[in-house]
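Asks: Input: one structure, supplied below.
The values are calculated or read from the model by the stated rules, or taken from the named source; none is laboratory data. Here the structure is a predicted model, which means the values were calculated and not measured. Positions of Cβ are backbone-derived with ideal geometry, glycine not excepted, and every protein chain shown enters the neighbour counts. For accessibility, only protein heavy atoms count, side chains too; no ligands or nucleic acids. Shrake-Rupley method; radii C 1.70, N 1.55, O 1.52, S 1.80 Å.
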Amino acid sequence: MKLLIVDDEKSIRLSLKINMKKLGIDVFTAESGEEGLDIVRKKMPNIAIVDIKLPGISGIDVLKEIKQIKPSCIVIMITYLSDVKLAVKAMKMGAYDYFTKPFSLSEISRSIEETLEYAKTKIEIDKGSRDNQVKFIGQSPEIVKIKENIKEIASMKYNTCILLEGESGSGKEVIAKSIQSIKGDTIPFISINCAAIPKTLQESELFGYEKGAFSDAKNAKEGLIERANNGVLFLDEIGDMDISLQAKMLRVLQEKKFRRIGGLEEMDFKATILSATNKDLKEEIEAGNFRKDLYFRLNIIPIYIPPLRKRREDIIPLVQHFIENYNNVLNKNIESISKEVVDIFKSYLWPGNIRELKNVIERIMIFKKDNKITLEDVPKEILEDDSIEENHHYNLELVEENAIKKALDKNNWNITRTSEELGVSRITLRRKIEKYNLKNIKSDNFCN
Ligand SMILES: Nc1ncnc2c1ncn2[C@@H]1O[C@H](COP(=O)(O)OP(=O)(O)OP(=O)(O)O)[C@@H](O)[C@H]1O
Ligand SMILES: [Mg+2]
């Protein structure tokens, strides 16, 4: 078990380190977020304790990056009482817990001991889910369309460039994996997570090198580009690709050729390039962090995955899927979920998207003794979220829209009969049809 402490206060680092070591854990410490992330990449800790206020990049950004590099890492934030709002934000972004300063060491030790139990279960879960094929769940029109598109794209014989865009946790990697499984294992599918590799090492990872190309190059090494030839190269978190490397990557895509670092031979490169990012690349271009020409090259086929709050029909199927999944891996038998919880899950905005939903279910289920999920199990940062109230209004409209749709279909879009059935005037019905932009899919001349 490995634990990382990121705090700029030396006394906190030291005292935590001494106490955590007593629990028999390997402890690493860092004074800044940058240093901490370096350690995350090298040591892949199971748990990270991160101060929210850090001198360089903020604790929230460290949390975000850790979740990119090692999604299963359990992150605990440290904050002053005055910053509790930030801590709640962190919880929504996947932090497991938070401590407020000043804290007692015995309190922290106890809580870390509990977390260790959780971490152990999590390792088991990760092992279990590695064997499982990732399922791409969703029945909203948006997801159905994406499923159709990727089927078509994945069965194409010629090479192209696909760019997956969507908020963090919306399912870009799941889509990449679905493309991989449709393509099958007869062609190489090579992934690189640009956020997980320090910028200085990205070039040698991608291009490979010849023996003696630099002082550490004792032997020649094949790069990922070379390995992906005639297959798929998946550039995950492309927004984190080093800017000078972007120029080199562009050249590879234009010329369809590349060279190892220090190499003389030009090699051919033919592959489908799949890239993904949760950054707004247009904004990154404006800010000078991303090359516009590369963006256009990568974006031949754009796939945008809407955030979960824009496709609420998917929430419950996902919940069911995760419950089933954790019933298996955790050997539990959750059979149902109360109506109130369903309502809250449907109304909550899920800023961390499906990852947040999955984490919430996982956490509930690890500690669950009986077989029904009820209101008491829902984390308080969700229960106390202001957006839920506002969204009840939204949900009412959703109910109305569905009722009208159903009645229209049942009555073959006959406005008079439908309005009678719903007990509203024909004018009202027409207004509602317009408001919800309802269309008679079976016939082109809608509104008879
Ligand atoms: N449609 C889906 N069906 C089932 N599981 C999903 C779906 N979408 C996402 N997940 C699960 O949610 C979690 C987050 O998804 P994923 O890693 O694909 O997000 P992402 O878009 O790549 O996020 P990030 O930008 O942060 O890397 C994963 O555990 C994934 O298995
Ligand atoms: Mg991802």
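Asks: Among the listed pairs 67/270; 172/368; 2/358; 151/310; 89/183; 218/279, give every one whose C-alpha distance is greater than 28 Å.
Replies: 67/270; 172/368; 89/183; 218/279
Asks: Hey, another quick one. Report in % the part of the accessible area of the chain that belongs to carbon and sulfur, leaving out ligands and nucleic acids; probe 1.4 Å. Please list the in-between numbers first.
Replies: On the way: 11640 of 23400 Å².
About 50 percent, which is the carbon plus sulfur part of the accessible surface.
Asks: Which of the lysines could a cross-linker bridge to residue 85, judged by Cα under 16 Å and excluding same-chain residues fewer than eight apart?
Replies: Hits, sequence-local ones excluded: 53, 101, 380.
Asks: Taking H as built 1.01 Å from N, whose amide H comes closer than 5 Å to the amide H of residue 223, not counting residues under 5 places away?
Replies: 208, 209
Asks: Leaving out ligands, DNA and RNA but keeping every protein chain, what accessible area does residue 210 have, in Å² rounded to the nearest 10, with a 1.4 Å probe?
Replies: 60
Asks: By its C-alpha gyration tensor, with a ≥ b ≥ c as the square roots of the eigenvalues, how is the chain shaped: rounded for a/c under 1.5, else prolate for a/b larger than b/c, else oblate?
Replies: Oblate, since a/c reaches 1.5 and b/c is not below a/b.
Asks: Starting from the Cα gyration tensor of region 295-414, take the square roots of the eigenvalues, sort them a ≥ b ≥ c, and report rounded, prolate or oblate (rounded when a/c is under 1.5, otherwise prolate if a/b is larger than b/c, else oblate). Can you show the working numbers first?
Replies: Details: a/c = 1.74, a/b = 1.23, b/c = 1.41.
Note, shape of region 295-414 comes out oblate.
Asks: Using θ = phi - 60° and the Karplus form 6.51 cos²θ - 1.76 cosθ + 1.60, what ³J(HN,Hα) does each residue of region 32-45 get, whole Hz, x for Gly and Pro?
Replies: So the Karplus estimates, Gly and Pro as x, are 9, x, 4, 5, x, 5, 4, 5, 4, 5, 7, 9, 6, x Hz.
Asks: For residue 41, what accessible surface area do you get with a 1.4 Å probe? Give it in Å², rounded to 10.
Replies: Surface open to solvent at residue 41 totals about 60 Å².
Asks: For a quick check of understanding: with a 1.4 angstrom probe and all protein chains in place, what accessible area in square angstrom does residue 355 have, to the nearest ten?
Replies: Only protein atoms counted, so the area is about 80 Å².
Asks: Could you give the accessible area per residue of region 260-363, probe 1.4 Å, as a whole number in Å²?
Replies: 48
Asks: Follow-up. Tell me which residues come under 5 Å, amide H to amide H, from residue 28 once H is placed; ignore anything under 5 positions away on its chain.
Replies: 3, 4, 5
Asks: Please list, in order along region 79-86, the HN-Hα scalar couplings obtained from phi with the Karplus expression 6.51 cos²θ - 1.76 cosθ + 1.60 (θ = phi - 60°), rounded to whole Hz, x for Gly and Pro.
Replies: 8, 7, 3, 5, 10, 4, 4, 5
Asks: Name the long-range amide H neighbours of residue 274: under 5 Å, sequence gap of 5 or more, or other chain; modelled H, no Pro or chain starts.
Replies: 162, 233, 234, 235
Asks: Accessible area per residue for region 44-116 in Å², computed with a 1.4 Å probe and the full protein assembly in place, what is it?
Replies: Accessible area per residue, region 44-116: 40 Å².
Asks: Something else: For region 2-131, rounded, prolate or oblate, judged on the Cα gyration tensor with a ≥ b ≥ c (square roots of eigenvalues), a/c < 1.5 rounded, else prolate if a/b > b/c?
Replies: Since a/c stays below 1.5, the shape of region 2-131 is classed as rounded.
Asks: Once the Cβ-Cβ distance between residue 320 and residue 44 is put in as r, and R0 is 30 Å, what FRET efficiency do you end up with, to the nearest 0.05?
Replies: 0.45
Asks: At 222 nm, what helix-only mean residue ellipticity would the chain give, in deg cm²/dmol to the nearest 500, using -39500 (n - 2.57) for each DSSP H run of four or more?
Replies: Working: 19 runs with 221 residues, N = 448.
Computed mean residue ellipticity for the chain: -15000 deg cm²/dmol.
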